[in-house]
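The values are calculated or read from the model by the stated rules, or taken from the named source; none is laboratory data. Just so it is clear, the structure is predicted and the values come from calculations on it, not from any experiment. Methodologically, a virtual Cβ is constructed for each residue, glycine included, from the backbone with ideal geometry; neighbour enumeration extends over all protein chains shown.
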Amino acid sequence: MNSEFSKAQPGSFAFIGGGQMATALISGLIRAGLPPQAIVVFDPDTAQQERLRTSLGVDVGGSVDARLATAHVVVWAVKPQVLRQAVQQASAHLRAPLHISIAAGIRCVDLSGWLGSTRVVRAMPNTSALIGASVTGLSAAPEAATADRRMAEEVLATTGHCFWVEGDERLNAVTAVSGSGPAYVFHFLEAFQAAAQAVGFDEVTARELVLKTVAGAVQQAQSGDAFGTLRERVTSRHGTTEAALAQLDLAGTADALKEAVAAACTRAESLSREIAQA
Ligand SMILES: NC(=O)c1ccc[n+]([C@@H]2O[C@H](COP(=O)([O-])OP(=O)(O)OC[C@H]3O[C@@H](n4cnc5c(N)ncnc54)[C@H](OP(=O)(O)O)[C@@H]3O)[C@@H](O)[C@H]2O)c1
């Protein structure tokens, strides 16, 4: 329970956009002790409003209105392509709050310029925020105060682990590793399940074998031993694991992963530029 959250006044947190990432954050904040009535969410989608009001008990609205003026913290959770327009619609109601943006690819410097404020923190969570297990990179406008950085970290920490990077461009690397990372793991799980089916297991058994094997291996890896050491420990000379790993080496899987992460990084950089110039 966060004591600062539990003392929050009605309407002191506003969300612009009430989609799945906003919902994950709002749920995390309420779990951490923020009263639902301290939160107002603006989203044009009436089904989204109804879901948020009934399932989380927060105040909701379609287009932004005077309720935004009481917000000390504004979380921007709309798609990157509509963020600039959303800022324009909201600007008349903003009373110099702390701004936290989770929009992928929008740099602090651009958002600061649109908002006319340096109280800006940018966050890059991943989909595991939906289950409170996000890995979230944070970056702040250089002028942002320590108290604002701390508040942004407390907000994002309600959905998982947070870490700071210096400079916006590092968030492109965060996007490429932890942002897109869950998809790499799902891709591996998919291929591993197909491989298990190819040696004779039915779909359900293959899925269970793969999931439990991966869960056990991840648990072992928490020991702190280097991943390479753990791999060597299960690889006996001329054994079955060695035969399998030789095939993975031959196929260049480690290099492919390196190239995949680099490609994601390059794409994050170009997306960031495209949005800034649009
Ligand atoms: N999903 C992820 O894994 C992930 C990870 C990191 C960062 N992000 C970032 O998180 C942000 C939100 O993602 P999401 O997956 O939650 O998106 P989403 O489910 O599409 O939610 C965005 C919501 O904002 C609404 N909206 C559109 N224009 C608005 C406006 N002017 N004012 C208020 N609300 C408005 C949308 O309504 P309509 O549908 O009616 O337009 C929609 O309900 C994105 O910028 C994304 O880059 C997502």
query = Only one of ALA22, ALA86 is over 20 Å from VAL155 (Cα atoms) and within 7 Å of the ligand (Cβ to nearest atom); which?
reply = ALA86
task = Starting from the stretch 186-198, keep only residues that are touching a residue at least 12 places away in the same chain (Cβ under 8 Å), then list their pairs with residues that are surrounded by 12 or more Cβ atoms within 10 Å (Cβ to Cβ) and of a type in the set (Lys, Arg) whose Cβ atoms are within a distance under 6 Å, requiring at least 6 positions of separation or different chains.
result = GLN193/ARG207
key: Which listed residue, of ALA38, ALA8, ALA47, ALA71, is surrounded by fewer than 23 Cβ atoms within 10 Å (Cβ to Cβ), away from the ligand (no atom under 13 Å from the Cβ) and of a type in the set (A, V, I, L, M)   = ALA8
key: Condition check for GLY116: more than 11 Å from the ligand (Cβ to nearest atom) and surrounded by fewer than 20 Cβ atoms within 10 Å (Cβ to Cβ)   = yes
remark   = The number of residues in the stretch 205-251 that are under 28 Å from the mean Cα position of the chain (by Cα) and outside any helix (DSSP H, G or I) is 5
message = Please return the ranges of strands (runs of 3 or more DSSP E) entirely within the stretch 7-86 where 2 or more residues are among the hydroxyl-bearing types (Ser, Thr, Tyr).
response = none
key: Hits in the stretch 92-103 (condition: within 13 Å of THR70 (Cα to Cα) and either in contact (Cβ under 8 Å) with a residue 24 or more places away in the chain or in a helix (DSSP H, G or I) (or both))   = ALA92, HIS93, LEU94, ARG95, PRO97, LEU98
ask   = If you go through the stretch 132-148, how many residues are surrounded by 16 or more Cβ atoms within 10 Å (Cβ to Cβ) and in a helix (DSSP H, G or I)?
value = 1
Criterion (in contact with a His (Cβ under 7 Å, 6 or more places away or on another chain) and either assigned by TED's automatic domain parsing to the domain that holds ALA141 or crowded, with 17+ Cβ neighbours inside 10 Å (or both)) met by exactly one of LEU98, LEU94 = LEU98
remark   = Filter the stretch 154-170 for residues that are closer than 23 Å to ALA260 by Cα and touching a residue at least 60 places away in the same chain (Cβ under 8 Å); the one that is surrounded by the most Cβ atoms within 10 Å (Cβ to Cβ) is ASP168
key: Candidates SER27, SER55 - the one that is more than 11 Å from the ligand (Cβ to nearest atom) and either among the aromatic types (Phe, Trp, Tyr) or under 18 Å from the mean Cα position of the chain (by Cα) (or both)   = SER27
message = For the stretch 121-131, check the following and say yes or no: at least one residue is among the hydrophobic types (A, V, I, L, M, F, W, C) and either away from the ligand (no atom under 14 Å from the Cβ) or in contact with a Phe, Trp or Tyr (Cβ under 8 Å, 6 or more places away or on another chain) (or both).
response = no
query = For MET151, are the conditions met, namely being under 12 Å from the mean Cα position of the chain (by Cα) and either more than 11 Å from the ligand (Cβ to nearest atom) or surrounded by 14 or more Cβ atoms within 10 Å (Cβ to Cβ) (or both)?
reply = no
note = Sole miss for ASN172 among (1) assigned to a helix (DSSP H, G or I); (2) at pLDDT 95 or above is condition (2)
